[in-house]
Amino acid sequence: MLLDWLGSLITPAARDVRRLGYVRDSIWLLSRSRRCRAAWRPHLDLSRAFVVETIGGLPRRHTAVVLGSGLLDDVPLEALAEAFRSVVLVDLVHPWPARRRARRYRHVRLVDADLSGSIDWLLGRRSDLAPALPDLCRSPDVDLVISANVLSQLAILPLDTFEARGRVPPDLGARIVRAHLDGLAGLAARVCLLTDVEQVEEDRGGQAVACEDLLFGITMPEPDRRWDWTLAPFGEASRKTRLVHRVRAYRDWTG
């Protein structure tokens with residue numbers, strides 16, 4: 001807990017972002033990734049390998065944009081930096097481990113952006129969601145946009161915040177998910193989409209005891225690849241059960 005508190009203090013972020021809890025959640029994710037490193041490794045390896053395969057099929061490699069770069073655990077930064085003239089890492093919070101990795105490359109830059117489109121609404125500056133993707137994704141220089149296991153995360157904090165205030169806008173989770181997917185589908189660049197779509201709680205016998213739709217009813221087409229991610233192994237969330245996420249990967253997302 002002390003390390004988490006210190007990590008929150010030293011992580012650069014705008015005041016409003018910190019106040020809404022995004023820095024706290026980023027540090028919690030960093031702590032969980034360290035505790036669950038062995039359980040997460042297959043998922044992280046598969047995610048990075050899928051992106052590398054996608055890079056290999058591109059005819060031009062000027063700029064790559066990573067949406068939801070976060071900890072960079074599932075992002076093959078070295079391969080991207082080698083293949084592209086410019087790499088842009090987009091997230092609301094860039095923790096220090098990710099910043100240190102990015103600093104090794106002069107042509108890699110960090111961009112702060114709210115991919116949920118909800119922050120100004122939460123702060124009372126808008127009456128609805130803002131556009132889902134930053135304008136830089138539409139630049140003619142961008143040849144690859146990667147949505148890196150962020151889609152299912154976008155609505156979590158906005159929903160929690162509105163619920164704490166006693167009013168949750170109708171279909172907010174589904175609207176945030178759909179806005180991200182539609183925004184990706186409208187880009188001229190190749191889009192590599194990785195996302196978890198379902199959470200299954202399994203007992204020690206391998207039986208599912210509960211399931212949760214992580215995309216709020218949005219149906220996804222058949223992916224190029226699929227795998228399971230043990231998000232919380234036995235003992236992390238519960239001694240008797242573990243949480244497994246179903247992951248879908250798309251090499252050329254068009255909606």
Check: Just a yes or no: is a residue in the stretch 228-238 surrounded by fewer than 14 Cβ atoms within 10 Å (Cβ to Cβ) and of a type in the set (S, T, N, Q)?
Finding: yes
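Taking the stretch 133-164 as the search range and keeping residues that are surrounded by fewer than 20 Cβ atoms within 10 Å (Cβ to Cβ) and small (G, A, S), which one is modelled with the lowest pLDDT? Steps first, answer last, please.
First, the residues of the stretch 133-164 that are surrounded by fewer than 20 Cβ atoms within 10 Å (Cβ to Cβ): 134-136, 138-141, 153, 156-157, 159-164.
Adding the requirement that they be small (G, A, S) leaves 139, 164.
On the way: S139: 97, A164: 91.
Restricting to residues being surrounded by fewer than 20 Cβ atoms within 10 Å (Cβ to Cβ) and small (G, A, S), the top hit is A164.
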Notebook entry, point to check: Quick check, is L80 assigned to a loop (DSSP other than H, G, I, E, B) and open to solvent by less than 40 Å² (accessible area, probe 1.4 Å)?
Noted result: no
Margin query: Can you tell me which residue is surrounded by the fewest Cβ atoms within 10 Å (Cβ to Cβ) among those in the stretch 85-101 that are in contact with a helix residue (DSSP H, G or I) (Cβ under 7 Å, 6 or more places away or on another chain) and without any contact (Cβ under 8 Å) to a residue 60 or more places away in the chain?
Written below: R101
Check: Of the conditions (1) open to solvent by 10 Å² or more (accessible area, probe 1.4 Å); (2) touching a residue at least 60 places away in the same chain (Cβ under 8 Å), S69 fails just one. Which one is it?
Finding: (1)
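Hey, among R167, R190, which residue is surrounded by fewer than 16 Cβ atoms within 10 Å (Cβ to Cβ) and over 18 Å from R242 (Cβ atoms)? Explain how you work it out, then say what you get.
Details: R190 fails: surrounded by fewer than 16 Cβ atoms within 10 Å (Cβ to Cβ).
Selected residue: R167, the only one of R167, R190 that is surrounded by fewer than 16 Cβ atoms within 10 Å (Cβ to Cβ) and over 18 Å from R242 (Cβ atoms).
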Item checked: Residue count for the stretch 239-255, restricted to those that are closer than 18 Å to A38 by Cβ, touching a Leu at 6+ places or on another chain (Cβ under 7 Å) and open to solvent by 20 Å² or more (accessible area, probe 1.4 Å) -> 1
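Residues that are over 17 Å from H43 (Cα atoms) and either under 15 Å from the mean Cα position of the chain (by Cα) or not polar (S, T, N, Q) (or both), at least 2 per element: which strands (runs of 3 or more DSSP E) completely within the stretch 157-255 meet that? Reasoning before the result, please.
Numbers: elements: 190-203, 208-213, 225-232, 241-250.
Where strands (runs of 3 or more DSSP E) fall fully within the stretch 157-255 and carry at least 2 residues being over 17 Å from H43 (Cα atoms) and either under 15 Å from the mean Cα position of the chain (by Cα) or not polar (S, T, N, Q) (or both), they are 190-203, 208-213.
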Check: Right, A174: of a type outside the set (D, E, K, R), in contact with a helix residue (DSSP H, G or I) (Cβ under 8 Å, 6 or more places away or on another chain) and in contact (Cβ under 8 Å) with a residue 24 or more places away in the chain or not?
Finding: no
Next item on the list: Output the number of the condition that R60 fails; it satisfies all remaining conditions of (1) assigned to a loop (DSSP other than H, G, I, E, B); (2) under 19 Å from the mean Cα position of the chain (by Cα); (3) not polar (S, T, N, Q).
Entry: (2)
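Quick check, is R225 crowded, with 18+ Cβ neighbours inside 10 Å, more than 17 Å from L115 (Cβ to Cβ) and among the charged types (D, E, K, R)? Step through it out loud before you land on a result.
Working: crowded, with 18+ Cβ neighbours inside 10 Å: no; more than 17 Å from L115 (Cβ to Cβ): yes; among the charged types (D, E, K, R): yes.
No, not satisfied.
Filter the stretch 1-36 down to residues that are assigned to a loop (DSSP other than H, G, I, E, B) and at pLDDT 60 or above and give me whichever is nearest to D73 (Cα to Cα).
In the first step, residues of the stretch 1-36 are kept if they are assigned to a loop (DSSP other than H, G, I, E, B); the result is 1, 11-14, 20-21, 36.
So of that shortlist, the ones also at pLDDT 60 or above come out as 11-14, 20-21, 36.
Values: T11: 17, P12: 19, A13: 20, A14: 23, L20: 24, G21: 21, C36: 12 Å.
Taking the candidates together, the pick is C36.
Select, from L129, L144, L89, L110, the only residue that is part of a loop (DSSP other than H, G, I, E, B), in contact with a Leu (Cβ under 9 Å, 6 or more places away or on another chain) and either closer than 12 Å to L72 by Cβ or not small (G, A, S) (or both). Give the steps one after another, and end with the answer.
Details: L144 fails: part of a loop (DSSP other than H, G, I, E, B); L89 fails: part of a loop (DSSP other than H, G, I, E, B); L110 fails: part of a loop (DSSP other than H, G, I, E, B).
After ruling out the rest, the residue left standing is L129.
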Notebook entry, point to check: Can you tell me which residue in the stretch 197-222 is least open to solvent (accessible area, probe 1.4 Å), limited to those that are touching a Phe, Trp or Tyr at 6+ places or on another chain (Cβ under 9 Å) and under 19 Å from N149 (Cβ atoms)?
Noted result: M220
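The values are calculated or read from the model by the stated rules, or taken from the named source; none is laboratory data. Bear in mind that the values here come from a model prediction, so they are computed numbers and not experimental data. Cβ: placed from backbone, ideal geometry, glycine included. Neighbour counts: every protein chain shown. In case anyone asks, the SASA skips ligands and DNA or RNA and just uses the protein heavy atoms, side chains included. Shrake-Rupley method; radii C 1.70, N 1.55, O 1.52, S 1.80 Å.
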